[in-house]
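S.K.: Sending over a structure as structure tokens; questions will come in a sec.
Here, each number is a calculation from the coordinates, and none is a lab measurement. Computed from a predicted model, the values in this text were never measured in an experiment. So basically every Cβ, Gly included, is an ideal-geometry build from the backbone, and we count neighbours across all protein chains shown.
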Amino acid sequence: MKFKITIISLFILITVTTHAQNNFRAVVKDSAGHEPLVGATVSVEGTNIADITNDKGSVTLRKVPDGEQTIVIYAFAHKKTKITYTFPLDSKKTITIFLPETDTNLDEVVITTSRTNSRIEDSPTMVEVMGQEEMDEESAVVPGNISSLLGDLSIITVQHTSPINGNEAIRMQGLDSKYTQIMRDGMPLFGGFSGSLGVLSIPPLDLKQVEIIKGAASTLYGGGAIGGLINLISKTPGETPEATITASASSLGEGNLNAYTSGKLNKTGYTLFAGANVKQAQDINGDGFAEVPKNTNYTVHPRLFFEVNPKTKIILSFTSTYDSRTGGDIQAIDFGPDDAHPFIQTENTYRNTLDFSIVNKHSHKHTFSFKAAGSAYERDADYSGAIFNGIQYSSYSELNDVIKLKKHTMVLGLNFISENFVLVQNDSTRFGNYDNYTAGSFIQDDWNISSKLIMQMGMRYDYHFTFNSFYLPRVSFLYKPNRKISFRLAGGSGYKTPNMFDLAAPSRYLNPVGIEVKSENAYGANADIIYHTVLFEALNLQIDQAFYYAHITNPIVLQTDTTQNLFAANADYKTNSYGTDTYARLTYKQVEVYLGYNHTESRQKFDTTFINTPFNPKDKFSSVITYTVEEKWRFALEAAFTANQYIYNNDKVNDFWFMAAMIERKFKFGSIVLNCENLLNNKQSKYESLVEGTKQKPVFKPVWNSLEGRVINLSLKWTL
């Protein structure tokens, strides 16, 4: 009898448990176009039961308790929706849920650098995207340039390259800045003579997003992107007119004023950016030399958008920039040079760029595009009596066809790059004019092998008119075993042709590149694992673990002969760089946290020994935490630690912390921001003197830390 009661009780318990745990099946779609919403979060309110929709918009929640339960659905750029159901439901029934779009003009993150305009989640290429929200925030915090924005990422090091003119460069994956390719709207015109000054002075107010490709990106853009590629994407006009003005002033005597406007009239649209930045020379440490040069910068950037017909669109763009910098002895800067204070350097640059693009969606399978850009860059420099004045004319043109098939998306293209340098004035005849021409062809295929596996294969052939032929294969994989985790693996090759201006600033000592100098050759591999989940219904967590390796042969270095003249030569070592990059993003209601750690071993390997690559921090920790009160306040705190950095000849420098804080008050008209960079007032002059020698012949130390120290700026942003 007891045995029968036990069996009956167990059967009742199993039955009750079974009925208390239900499966909820749903498909989430956009209410306007009825398209499936991928990556939407679906959860049971008040529980830990949550999941994310797959590539068909489907989701299944398991073990939902009996009774009345509220299902919460959230998707990017759509209104958060709550629907109440009474369980148990028909376990075989799939419920369709339609989400309305939000009132804001938010777009899903689409990668334009890949040419296929794929969603970031579906791209085999390892890309990090800083979108419109980051651009809007940075334009209010540091409106003058994007160097602070890029420096927040652990994989990027923004290096001060000159203690005189304040120039900065971007290093990725432990490699020299010449291996990072910078583009504007897919146009690689920042190279050679024109790439050595002021690229990072581009204001964020003019940008829609920044796309950062990690590792070799040789197939579509040529061999120069060995360490990585950064593409600055300009804004486009929305459906409603937009006008924004920013103004700021800092404790360094810097003033900034930027304006942006956009709009549409029938089938014609426009954007217009104009900005001015003025900075006074500052001797921060009192050694008589300016750590902050006197700087004046003006930029204007109008763009016109034409919809010729539903299939054809044209964009015309013009950019004009003037930049003037004066550095050296502070008294010479303020009052003019004399016998006691003769050292002064002035640099005036003029950059004018005209670009054009046309896109024709010939059919649902073919999209043809042609784009071309021409740039004239003049640099007039006086290095304490040594005059150097030159103009670089650059052009880039490309024709490609994007072919969409059932399981393949292919890109086929041809491109041509020219660089012509004309020496206007020089106190030495050693360095003269030169021309570089490169013709290239490429093919890339994104193959959707299955719903979980995508393979991308690419091949480029470049013919350089001086350094002959280069074949650049590349392959990458994306594997998504489920909706929470993805794996990427990529490998490719690259090359770098010799250019003196990649190695040194213009001077009387420059020699032309000799024909005996060989091109640099490189290959590398990248891998990453991304995990994304939702915890406790409201906590979004993303973890990205990346690995990378690069190998460079025939590296080109700068050498000095017995008469102090500079010349390029192939070094007798190989460069190896490998490391890991880890970051986590956590979002809980109004709080967002970013944590990043990068470890890089970058070495110049000789036959029997090695030297650590100069200015590569082996360890870099970055963190940012923000708290937002909707439409009222935003607070942010940033902390970064740089460690195990070497300069020349394995000379290790001090580790240091960098901290920053920001508070923003939002109003209907815009916002007011108070920002403090380098809270701890950390600077290189705390550890060593920056200048040796005499006032007449100063010798400047290599820059490995901040020169400015603590900087406070107040910014105002008006949205009209």
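S.K.: What ³J(HN,Hα) values, in whole Hz, does the Karplus curve 6.51 cos²θ - 1.76 cosθ + 1.60 give for the range 554-559 when θ = phi - 60°, with x put for Gly and Pro?
M.R.: Values per residue, Gly and Pro as x: 6, x, 9, 10, 9, 10 Hz.
S.K.: Tell me the label only: which of (i) 160; (ii) 187; (iii) 198 is volume of the Cα convex hull per residue in Å³ as calculated from this structure?
M.R.: From the options (i) 160; (ii) 187; (iii) 198, the structure gives (ii).
S.K.: Ala525: net charge of surrounding residues, Cβ under 12 Å, Lys/Arg +1, Asp/Glu -1, itself excluded?
M.R.: Numbers: positive: Lys214, Arg474, Arg488; negative: Asp528.
The answer is +2.
S.K.: Count the net charge of all other residues whose Cβ sits under 14 Å from the Cβ of Tyr549, scoring Lys and Arg as +1 and Asp and Glu as -1.
M.R.: On the way: positive: Lys214, Lys574, Arg603, Lys605; negative: Asp528, Asp581, Glu601.
Net of charged neighbours comes to +1.
S.K.: Report the one residue of Phe606, Gly440, Gly390 whose Cα lies farthest in the direction of the positive end of the charge dipole of the chain (charges on C-beta: Lys and Arg +1, Asp and Glu -1; origin at the Cα centre).
M.R.: The residue sitting most towards the positive pole is Gly440.
S.K.: For a quick check of your reading of the filter: which chymotrypsin sites (Phe, Trp or Tyr not before Pro) in the range 274-321 sit in a DSSP loop and have no more than 11 other Cβ atoms within 10 Å? List each step's numbers first, then the result.
M.R.: Working: sites: Phe289, Tyr298, Phe305, Phe306, Phe318; in loops: none.
Sites meeting the loop and neighbour criteria: none at all.
S.K.: If contacts are Cα pairs under 8 angstrom and at least 6 residues apart, what is the relative contact order of the range 508-667 in percent? Present the calculation step by step, with values, prior to reporting the outcome.
M.R.: On the way: 392 pairs, mean separation 24.6, N = 160.
Relative contact order for the range 508-667 comes out at 15 percent.
S.K.: Of Leu680, Ser369, Val38, which is farthest along the charge dipole of the chain in the positive direction, counting Lys and Arg as +1 and Asp and Glu as -1 at C-beta?
M.R.: Comparing the listed Cα positions along the dipole, Val38 ranks first.
S.K.: Would you kindly derive the ³J(HN,Hα) couplings of the range 564-580 from the backbone phi angles with the Karplus curve 6.51 cos²θ - 1.76 cosθ + 1.60 (θ = phi - 60°), listing them in order in whole Hz, with x for Gly and Pro?
M.R.: Per-residue couplings from phi come out as 6, 7, 9, 8, 8, 8, 7, 6, 9, 9, 10, 9, 10, 9, 8, x, 10 Hz.
S.K.: Let me have the relative contact order for the range 648-689, percent, based on Cα pairs under 8 Å that are six or more residues apart. Intermediate values should be presented prior to the final figure.
M.R.: On the way: 36 pairs, mean separation 15.7, N = 42.
Reported as a whole number, the value is 37 percent.
S.K.: Follow-up question, since we're still on this one. Relative to the first principal axis of the alpha-carbon coordinates of the chain, what is the inclination of helix 2-20, with its axis defined by its Cα atoms, in degrees from 0 to 90 and to the nearest 10?
M.R.: Rounded to the nearest ten degrees, it is 50.
S.K.: Please go through the range 223-278 and write out the trypsin sites (Lys or Arg not before Pro) that DSSP classes as loop and that have at most 15 other C-beta atoms within 10 Å. Don't skip to the end; give the middle numbers.
M.R.: Details: sites: Lys235, Lys264, Lys267; in loops: Lys235, Lys267.
Loop-located and lightly packed - Lys267.
S.K.: For the range 27-76 and the range 108-177, compute the distance between their C-alpha centroids and round to whole Å.
M.R.: The two parts, judged by their Cα centres, are 33 Å apart.
S.K.: Also, quick follow-up: Using the per-residue mean of other Cβ atoms lying within 10 Å as a proxy for protection, in what order, highest first, do the peptides 207-215, 348-356 fall?
M.R.: Order by mean packing, descending: 207-215, 348-356.
S.K.: Taking 8 Å as the Cα distance limit and 6 or more residues as the minimum spacing, I'd like the relative contact order of the chain as a percentage. Show your work: numbers first, answer last.
M.R.: Working: 1992 pairs, mean separation 72.5, N = 720.
Relative contact order, the chain: 10 percent.
S.K.: Dipole size in debye (nearest 20) for the range 185-267 around its Cα centre, Lys and Arg Cβ +1, Asp and Glu Cβ -1? Write down the numbers at each step before the final one.
M.R.: Values: 5 positive and 6 negative charges, 37 e Å.
Taking the Cα centre of the range 185-267 as origin, the dipole is about 180 debye.
S.K.: Given the rule -39500 (n - 2.57) for each run of at least 4 DSSP H residues, summed and divided by the residues of the chain, what is its mean residue ellipticity at 222 nm, to the nearest 500 deg cm²/dmol?
M.R.: -1500 deg cm²/dmol
S.K.: So how tilted is helix 132-141 from the main axis of the chain? Cα-based, degrees 0 to 90, rounded to 10.
M.R.: Result, in degrees: 50.
S.K.: Give Lys311/Lys365; Lys208/Lys311; Lys652/Lys701; Lys29/Lys93; Lys79/Lys666; Lys683/Lys717 a once-over and call out the pairs whose C-alpha atoms are over 18 Å from each other. Could you put the intermediate results ahead of the total?
M.R.: Values: Lys311/Lys365 13 Å; Lys208/Lys311 23 Å; Lys652/Lys701 14 Å; Lys29/Lys93 16 Å; Lys79/Lys666 22 Å; Lys683/Lys717 30 Å.
Over 18 Å Cα-Cα: Lys208/Lys311; Lys79/Lys666; Lys683/Lys717.
S.K.: Would you mind ranking Trp657, Trp704 so that the residue whose beta carbon has the fewest other beta carbons within 10 Å leads the list? Each step should come with its number before you reach the end.
M.R.: Working: Trp657 14, Trp704 21.
Ranked by crowding around the Cβ, least crowded first: Trp657, Trp704.
S.K.: Continuing with the same structure: Could you size up the charge dipole of the chain around its Cα centre, putting +1 on the beta carbon of Lys and Arg and -1 on that of Asp and Glu, and report it in debye to the nearest 20?
M.R.: Working: 67 positive and 74 negative charges, 568 e Å.
The calculated dipole for the chain is roughly 2720 debye.
S.K.: How charged is the neighbourhood of Asn482? Take every other residue with its Cβ under 11 Å from the Cβ of Asn482, and add Lys/Arg as +1 and Asp/Glu as -1.
M.R.: Numbers: positive: Lys452, Lys480, Arg483, Lys484; negative: Asp51.
The answer is +3.
S.K.: May I pose another question? Give, rounded to the nearest 20 debye, the magnitude of the charge dipole that the range 215-332 has about its Cα centre when Lys and Arg contribute +1 at Cβ and Asp and Glu contribute -1 at Cβ. Could you put the intermediate results ahead of the total?
M.R.: Values: 9 positive and 9 negative charges, 153 e Å.
Charge dipole of the range 215-332: 740 debye, to the nearest 20.
S.K.: Something else now. From the backbone phi of the range 544-550, what are the Karplus-calculated ³J(HN,Hα) couplings (6.51 cos²θ - 1.76 cosθ + 1.60, θ = phi - 60°) in whole Hz, Gly and Pro given as x?
M.R.: 10, 10, 10, 10, 8, 8, 9
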